[in-house]
Amino acid sequence: MRKATTSFLALGFALLAARAAAAASLSVSYNVDVGPLTVTVVKLSLDVTDEEAHAKARIKAAGMSRAFSEFGATAEARTRIAGGQPEPVSYRVTRDQSDMRKVTTLTWDGGTVTYDPPIKSAERKAKLDAALAGGVIDPVTAVLRMGTVGESPCPSTHEVFDGREVYELALTDKGMGMATGDSAWKGDVQHCSVRWTPIAGRAKDKGVPGDSYDVDFAPVADLENGRKLWLPVDMSGKIKGLGFRGYVTKVSTRDGAAAE
């Protein structure tokens with residue numbers, strides 16, 4: 001699955017917060033289906049307060065996809081919340097495939113991001129660094145901004161860096177509705193269309209076209225400033241002509257109780 005989709009799903013769903021609490025410790029599970037088969041399972045944990053958020057996701061291949069790739073990844077992020085505006089602090093992804101491990105680390109200091117490992121291609125690095133100079137955020141901070149800044153997640157636009165690619169997520173309003181299907185969330189949702197467009201990195205250099213996905217956001221909490229906290233609960237689209245869907249299967253507090 002394209003890494004832009006994986007990062008948005010994994011860390012987006014990790015941020016499902018408690019329905020009516022300023023601080024929460026949650027565990028979240030969801031599936032990613034391609035066609036009729038579940039190909040990826042994600043186990044996530046989240047700790048969020050008024051000042052910061054810490055999210056960790058463990059991603060594994062599932063079902064028949066394991067016969068083709070023993071892929072696993074762990075993503076961890078810290079976000080600072082100052083004056084109601086989420087700001088990135090750190091983002092780390094460890095990818096395991098067969099007997100190979102790759103670790104990517106991002107750190108922000110005063111709005112400036114540093115990343116490791118460095119980009120080997122001098123030309124690609126120059127393009128990437130130019131894109132970073134305009135200001136970027138990690139996938140976790142992007143989802144938090146979608147859900148906390150403004151009256152609704154869409155319309156909004158965010159430039160995101162995952163350590164390999166800089167890309168734009170542009171959200172368009174598709175109206176309100178009710179959750180359908182087998183997602184663990186039941187209730188009102190905001191339908192949005194999300195356009196993923198590469199800005200710098202391998203995908204941009206190879207001429208990979210942008211993709212569009214449908215995402216449902218739910219008002220999962222009331223904020224102290226009187227606004228709702230909108231976070232993603234369902235996502236669908238196509239990958240190489242095959243339909244995919246990511247959806248929450250379980251949300252529980254750290255003591256094991258199901259979140260209401």
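Here are a few things to note about the model shown:
- Looking only at region 32-74, and only at residues there that are surrounded by 14 or more Cβ atoms within 10 Å (Cβ to Cβ), small (Gly, Ala, Ser) and out of contact with any Asp or Glu (no Cβ under 9 Å at 6 or more places or on another chain), the one that is modelled with the highest pLDDT: 45
- Contacts under 7 angstrom Cβ, first residue in region 44-67 being part of a helix (DSSP H, G or I), partner modelled with pLDDT of 75 or more, 6 or more apart: 63/37; 63/38; 63/39; 64/37; 65/39
- Residue within region 90-98 that is buried (at least 20 other Cβ atoms within 10 Å of the Cβ) and under 21 Å from the mean Cα position of the chain (by Cα) present: yes
- The lone criterion from (1) farther than 18 Å from residue 196 by Cβ; (2) in contact (Cβ under 8 Å) with a residue 12 or more places away in the chain left unmet by residue 114 is number (2).
- Scanning region 128-168 for residues that are touching a residue at least 60 places away in the same chain (Cβ under 8 Å), charged (D, E, K, R) and surrounded by 12 or more Cβ atoms within 10 Å (Cβ to Cβ) turns up 138, 145, 162, 164, 165.
- Applying the criterion of being surrounded by 13 or more Cβ atoms within 10 Å (Cβ to Cβ) and in contact with a Lys or Arg (Cβ under 9 Å, 6 or more places away or on another chain) to the residues of region 116-127, the residue that is farthest from residue 204 (Cα to Cα) is 119.
- Pair list, Cβ under 6 Å, 6 or more apart: region 174-202 residue free of Cβ contacts under 8 Å to residues at least 40 places away in the same chain and loosely packed, with under 14 Cβ neighbours inside 10 Å, other residue aliphatic (A, V, I, L, M) and part of a strand (DSSP E or B): 177/189
- When 222, 234 are checked against the criterion of being touching a strand residue (DSSP E or B) at 6+ places or on another chain (Cβ under 9 Å), among the acidic types (Asp, Glu) and at pLDDT 90 or above, a single residue qualifies: 234.
- Residue match in region 221-228 (condition: among the charged types (D, E, K, R) and assigned to a strand (DSSP E or B)): yes
- Options 93, 89: the member that is in a strand (DSSP E or B), touching a Gly at 6+ places or on another chain (Cβ under 9 Å) and in contact (Cβ under 8 Å) with a residue 24 or more places away in the chain: 93
The values are calculated or read from the model by the stated rules, or taken from the named source; none is laboratory data. Model, not experiment: these values are computed from the prediction. Reconstructed Cβ throughout: ideal geometry from the backbone, glycine too, with neighbour counts over all protein chains shown.
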